[in-house]
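Student: Can you read through this structure? Questions will come right after.
The values are calculated or read from the model by the stated rules, or taken from the named source; none is laboratory data. Since this is a predicted model, take the numbers as computed values, not measurements. Every residue, glycine as well, gets a Cβ built from its backbone with ideal geometry; the counts of neighbours run over all protein chains shown. Accessible surface areas use protein heavy atoms only, side chains included; no ligands, DNA or RNA. Shrake-Rupley method; radii C 1.70, N 1.55, O 1.52, S 1.80 Å.
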Amino acid sequence: MSTTFHIVKPRTSEDSRQRLGRLILKGRNDIPTPNLLALATRGFVPHLTPDILQKETNILAVHAGFEDFLGPRRASPVPSNNPNTYTSLNICTSLGHRDLEISIYLEAIAKSRPDVIIAPVDIEFGRHNPGAKRRDKIVERSTAWLRSFETALKETESNHLSPAAWVPILPLEAEIQRTYLDHLEEVGGSFIQGIVVYDPGSTVNVPEAFHHLPLVSLTEPRTPHDVLRLVVLGTDIIAAPFITAASEAGIALDFDFPVKTTSKFLALGTDMWSEVAYIQHLLSAKEMLAWVLLQIHNHHVVDKFFNGIRESIARNTFEADVLEFTNAYQSELPVFQGQGPRIRGYHASLGADAKKLNQAPFKKMGHSTPARHNDDKSMSNDMKDQAVEVKRTKAVNPDVMDDFDFDGLINQSRAND
Amino acid sequence: MSNKFTSPALTFEIVGKCSTTRARASILSLPHGPVQLPIFQPVATQASLKGLTPAQLAQTGCNLCLNNTYHLGLKPGQKTLDAIGGAHKLQGWKGNILTDSGGFQMVSLLELATVTEDGVRFLSPHDGSPMLLTPEHSISLQNSIGSDIMMQLDDVIATTSPDHARIEEAMYRSIRWLDRCIAAHKKPESQNLFCIIQGGLDLRLRETCTREMVKRNTPGIAIGGLSGGEAKDAYCQTCTGLLPDAKPRYVMGVGYPEDLVVSVALGADMFDCVWPTRTARFGNAITSDGVLNLRSARFSSDFSPIDTLCKCLCCRSIEDNDGLGVTKALVHSIANKETAGAHLLSIHNVHYLLNLMHQVRQAIVQDEYPHFLKRYFKQIYKTKDKYPTWAVTALKGVGVDLLTDEDL
Ligand SMILES: [Zn+2]
């Protein structure tokens, strides 16, 4: 058995279900819970190279989608554009939407040797409120997939490569998924080593028999308030997509749990566009390092946040601390003001026709109109010395340039070969 | 002939010379530490090297990098630079910084309307309003940046320009602008101003320019306007003959491996180029087998390191001093999709060129540079018929015949 979950401090109330735990994965650092499950795309926490992840962050666990290459889908997947079938799951790969044969996913278990593998379920992300017919199918297929999953995983066990199996609760009402839940109970808590929820509401549907297992949230909290709610709902390991989203929006997260001041209506983050700092410079100059530094910072803030949560639970002050936090901080993250580095990379997987979202700032003296920028105020007037007739402009090689270091254009032909 | 030169903010000392070519190995001591020459300087255009943290940059072995005055003058701007105390503080960089004058940027970025005796007129990339960059203003900005090495503003024109009168005008104007830059320079005790010898390829003009600029006795000499690449033959003939021995020689905008090793043989010490980091963003790895585009399908299941001979953070195995063990297949899967992919390749590519120059330096110190050159070209090109003619010709000019095998 490659994982163990110790409950360090059990739940004391049914209304506020927080607890302390320790997840032990063989050969890895122990993970005290509640804790963060960082989200990766293509195996990378966005913008962070592995050396930085190791040296500059306290991230202990990373979730990767099989479509990038370990849960079957990313935690915040691109919506499916085709329905799943009885034997396949529609996913979005680096090459576009594909049908992933469940058997192939299961074969990959043996090869990619994750610490933990999440059982595939028939959820079509992006399609809400399935009809009655569709709901039946979800339950039927998910149950069938779970059987294949179990068989496949038991085969790897003989090779001593066995990852821990985490199994989702379907985002449906308990009565509707009754056959699925019954099957889970049949399979039992010696095979199943963790429970995953894709929807906060599903936490109430976790069968009693699995309450000793780590409860993993792959839902989409938008704020630290949402994360606290998930802790109250009893989840132990929590994914938080808002961290990367904030970094990419140029927001430095800024909150403490428990609250450190008596002020009210504190902002949950600082819009770095309003700060004079290196990061502000990098954002304004559209340099990729801005994302790197914000990711390091924001993960650090969330790491401290979870630390605070655990200490608060240990002290038995959690409920009061949550209340105080709720009153002290604004309910949403700040709204993104400026333009970050060019949207590229995994964002572009939304479609081959994804366009450049930022405009090239450098213009030829020529015809058309000048670039419009929303950071005019931060701009220096230092170079404006004398008046010359203004001519209108056109972008330099807009299709060739990949980023904003336009210097040394002469080497372009080689750079592109 | 002296092997050592000292000025208020710099000491240059030659520690080894090739007995065949004009290659030298030297130590350039700058305000933020000593630099071993020959050197390749990566370009951190806007005080950031394409997503690498200053610590990651230092780890590649780099202690001299380039910032662009034009970009920093616009963002964060001179006031902010003055308030923060310069570009070293802005980016948390403890190594040395070299800045260009800002003029070249405008020629390459903006189709210039006018260069007048006052300076370079251009339109703001922000709002289209007119701006003027004068020699005085360029120096003032570079003083605010606090670069260890600053460049004069020069009248840059393409080396291939057919307009002889315009080339001559640009050359004389650049000399006059050098005088204005020297006069405007407020911190000669802590910052070094280099002249730029024009890359116009008329030998007579170049000689005049060199003589006049050498007279001004700047602590170092740059050779500009050569990065076009199409004029390598001519550049090689006129490169370093007239220059004083005991001063650092910086060839601007040159960065392909074969250009570097040939230029060193011709007597150059310093280089810079955006190519290694830019090309990383297109998935290209500079390796001892030449440049590989890792986006190519043939690398999709190649689980060897980016370059088996490389000892950079990425290429070292996890067992080897905490390397990352990055494989070609991994880069293939994330190239152009994850910014981290570009960061990893940038780390490798910059390390490759820094290490290449380190090996070059060792070969010079051991007086084995001709042998090094032959081995290098053989490794990159495999067969002699693929050697570029300009390189063969240039090296013949300094006593190395790449086409013979003796000495290999
Ligand atoms: Zn390497």
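Student: Exactly one condition in (1) within 23 Å of the chain's Cα centre (by Cα); (2) in a loop (DSSP other than H, G, I, E, B) is not met by A:E173; state its number.
Tutor: (1)
Student: Any residue at all in segment B:160-177 that's open to solvent by 20 Å² or more (accessible area, probe 1.4 Å), among the hydroxyl-bearing types (S, T, Y), on the phi < 0 side of the Ramachandran plot and part of a helix (DSSP H, G or I)? Break it down stepwise before answering.
Tutor: Here is the first cut: in segment B:160-177, the ones open to solvent by 20 Å² or more (accessible area, probe 1.4 Å) are B:160-169, B:172, B:176.
Filter once more, so that each one left must be among the hydroxyl-bearing types (S, T, Y): B:160-161, B:172.
Narrowing the set further to residues that are on the phi < 0 side of the Ramachandran plot leaves B:160-161, B:172.
Filter once more, so that each one left must be part of a helix (DSSP H, G or I): B:172.
Yes, segment B:160-177 has at least one match.
Student: In this structure, does B:I364 turn out to be of a type in the set (V, I, T), open to solvent by 20 Å² or more (accessible area, probe 1.4 Å) and either within 11 Å of the ligand (Cβ to nearest atom) or more than 27 Å from A:A290 (Cα to Cα) (or both)?
Tutor: Values: of a type in the set (V, I, T): yes; open to solvent by 20 Å² or more (accessible area, probe 1.4 Å): no; either within 11 Å of the ligand (Cβ to nearest atom) or more than 27 Å from A:A290 (Cα to Cα) (or both): yes.
No, not satisfied.
Student: Do we have B:A394 as modelled with pLDDT under 90, part of a helix (DSSP H, G or I) and more than 16 Å from the ligand (Cβ to nearest atom) here?
Tutor: On the way: modelled with pLDDT under 90: yes; part of a helix (DSSP H, G or I): yes; more than 16 Å from the ligand (Cβ to nearest atom): yes.
Taking the combined requirement at face value, the residue satisfies it.
Student: Suppose we keep only residues that are open to solvent by less than 50 Å² (accessible area, probe 1.4 Å), touching a strand residue (DSSP E or B) at 6+ places or on another chain (Cβ under 9 Å) and in a loop (DSSP other than H, G, I, E, B) within segment B:296-311. Which one would you say is nearest to the ligand (Cβ to nearest atom)?
Tutor: Initial filter on segment B:296-311 (open to solvent by less than 50 Å² (accessible area, probe 1.4 Å)): B:296, B:299, B:302, B:304-307, B:310.
With the extra rule that they be touching a strand residue (DSSP E or B) at 6+ places or on another chain (Cβ under 9 Å), the set shrinks to B:299, B:302, B:304-307, B:310.
In the following step, the residues that additionally are in a loop (DSSP other than H, G, I, E, B) were identified as B:302, B:304, B:306-307, B:310.
Values: B:D302: 15, B:S304: 12, B:I306: 5, B:D307: 5, B:C310: 3 Å.
Among residues in segment B:296-311 that are open to solvent by less than 50 Å² (accessible area, probe 1.4 Å), touching a strand residue (DSSP E or B) at 6+ places or on another chain (Cβ under 9 Å) and in a loop (DSSP other than H, G, I, E, B), the one nearest to the ligand (Cβ to nearest atom) is B:C310.
Student: Within segment B:312-351, can you find the residues that are outside any helix (DSSP H, G or I), polar (S, T, N, Q) and away from the ligand (no atom under 15 Å from the Cβ)?
Tutor: Residues of segment B:312-351 outside any helix (DSSP H, G or I): B:312-327, B:335-338.
Among the residues that remain, those that are also polar (S, T, N, Q) are: B:317, B:321, B:327, B:336.
Once the filter is applied, which keeps residues that are outside any helix (DSSP H, G or I), polar (S, T, N, Q) and away from the ligand (no atom under 15 Å from the Cβ), segment B:312-351 yields only B:N336.
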